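No value in this document is a laboratory result; all are computed from the given coordinates. None of these values were measured; they are calculated from a predicted model. All Cβ positions, glycine included, derive from the backbone under ideal geometry; neighbour counts span all protein chains shown.
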Amino acid sequence: MKEIYIKDLRKDQEITEFFMAKTSAIKVGSNGKQYLDITLGDKTGEISGKKWDVSDSEYPALIGIKDKDIVKIKGIIVEWAGQLQIRVQRIRIAEATDEQKMMDFVKAAPEDPDDMYKYICDVAESMEDKDLRALCIKVLNDNKEKLMYYPAAQKNHHAQLGGLLYHVKRMLMTGERVCQVYINLKRDLVAAGVILHDMEKLNEIESEEDGIATGYSFEGQMLGHIIQGVKSLDKLTMELDFPREKAIMLEHMILSHHYEPEFGSPKKPLFPEAEVLHYLDILDARMFDMQAALDSTEPGNFSDRVWTLDNRKIYKPNEGEDV
């Protein structure tokens, strides 16, 4: 049974614990010596590990470590470039007698996938626009099996079992409230944009039913979910004899939701619902990353630097104090 989780690790701490190998490779350093470069994870997060000066006798066992193997690590926690890292002293693949539970090693959204899926479907069913309602219901039904477990990313925000559903649900909840404030917004169009904007991550990212992303598909690497999403939506709306102007507006929402060319969007939003979609997306991503940082931070302290938040350190107030 696990006793120490990644969120509990501290600099200079000596550990002997089980983790899941996310990625593992034998590399050669600038000194010409072999070393093990491994990313380790459990349900609370990920941490990089290094085993320096791998000998020829150690090589066969270490090269045999596969992604998702449970490994037992003995080492010490060090800090490198502002991030905690494990300096591995000993490592072995877990044996059946170790009796580790997979739920200790897989990050999952905090809500049940069936409940999240139902919430999203209920929003689609409530749409007054019959075209958007039919389109969203079809897409949700066609992709239900994958949606039950798919992450929203390989490493960044919502990289967890059911992460894509969790991301979409929270965006819908926030979008509903935004539409109550900015009454010029078309609520159904905002909701449809939220439901559809990341749907092609199901084909961009490669993931098994444990919700762990193992990489990107060929099309995902060559095109990315934004271009894949536009292609898929264009084909589907043609098949459904969908109103063309409305179809183009939905495609534009997908195309522009990352906002900047360097993040994959060749066009910036050109109407209010597209603009709102971008900010719903970035807000949920930022809140997720901030909370993840705070989950592993003691009250009254700053987190480690979070590179997705421009390398900021996030502060966690002391418990019970008025702020």
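At-a-glance table
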read-out	value
Residue pairs, from the table Lys146/Lys316; Lys74/Lys101; Lys101/Lys144, whose Cα atoms sit over 24 Å apart	Lys146/Lys316; Lys101/Lys144
Cleavage-rule hits, GluC sites (Glu not before Pro), region 51-95, DSSP coil, Cβ neighbours within 10 Å at most 11	Glu95
Estimated FRET transfer efficiency (Lys68, Ile183; beta-carbon r; R0 56 Å; 0.05)	0.70
Simple label model, 7 Å out from Cα along Cβ direction - Thr214 to Lys118, nm	3.2
Prolate/oblate/rounded label for region 196-262 (Cα gyration tensor, a/c 1.5)	prolate
Cβ-placed point charges (K, R +1; D, E -1), dipole of region 134-252 about Cα centre in debye, nearest 20	520
Under 14 Å from Lys169, Cα to Cα: aspartates and glutamates that are on another chain or at least 8 residues apart	Glu111, Asp112, Asp114, Asp115, Asp122, Asp198, Asp281, Asp284
FRET E, pair Tyr315, Arg244, Förster distance 30 Å, beta-carbon r, rounded to 0.05	0.05
Ala134-Leu236 pseudo-label distance in nm [points 7 Å out on the Cα-to-Cβ vector]	1.4
Principal axis box of region 1-73, alpha-carbon based, largest edge first, Å	35, 25, 17
DSSP-loop GluC sites (Glu not before Pro) across region 246-323, with at most 11 other Cβ within 10 angstrom	Glu319, Glu321
Residue-span extension gain [Asp142 to Gln13] - 0.36 nm each, minus C-alpha spacing	41.6 nm
Overall form of region 35-115 per C-alpha gyration tensor (a/c, 1.5; a/b vs b/c)	oblate
Gain in span if fully extended, Ala94 to Glu260, counting 0.36 nm per residue against the direct Cα distance	55.3 nm
Zone residues, region 285-305, relative to Gln83, backbone N less than 20 Å from point 7 Å out along Cα-to-Cβ	285-298, 302-305
Filtered chymotrypsin sites (Phe, Trp or Tyr not before Pro), region 130-185: DSSP coil and at most 16 other beta carbons within 10 Å	Tyr182
Nearest 10 degrees, 0 to 90: helix 187-197 Cα axis against the chain principal axis	40
Cβ-derived FRET efficiency at R0 30 Å, Asn301 paired with Ala25, nearest 0.05	0.35
Helix-only CD estimate at 222 nm, as mean residue ellipticity for the chain, using -39500 (n - 2.57) per DSSP H run (n ≥ 4)	-12000 deg cm²/dmol
Magnitude of the charge dipole, the chain, Cβ model with Lys/Arg +1 and Asp/Glu -1, debye to 20	720
Electrostatic dipole magnitude of region 82-164 [Cβ: Lys, Arg +1; Asp, Glu -1; Cα centre; debye, to 20]	600
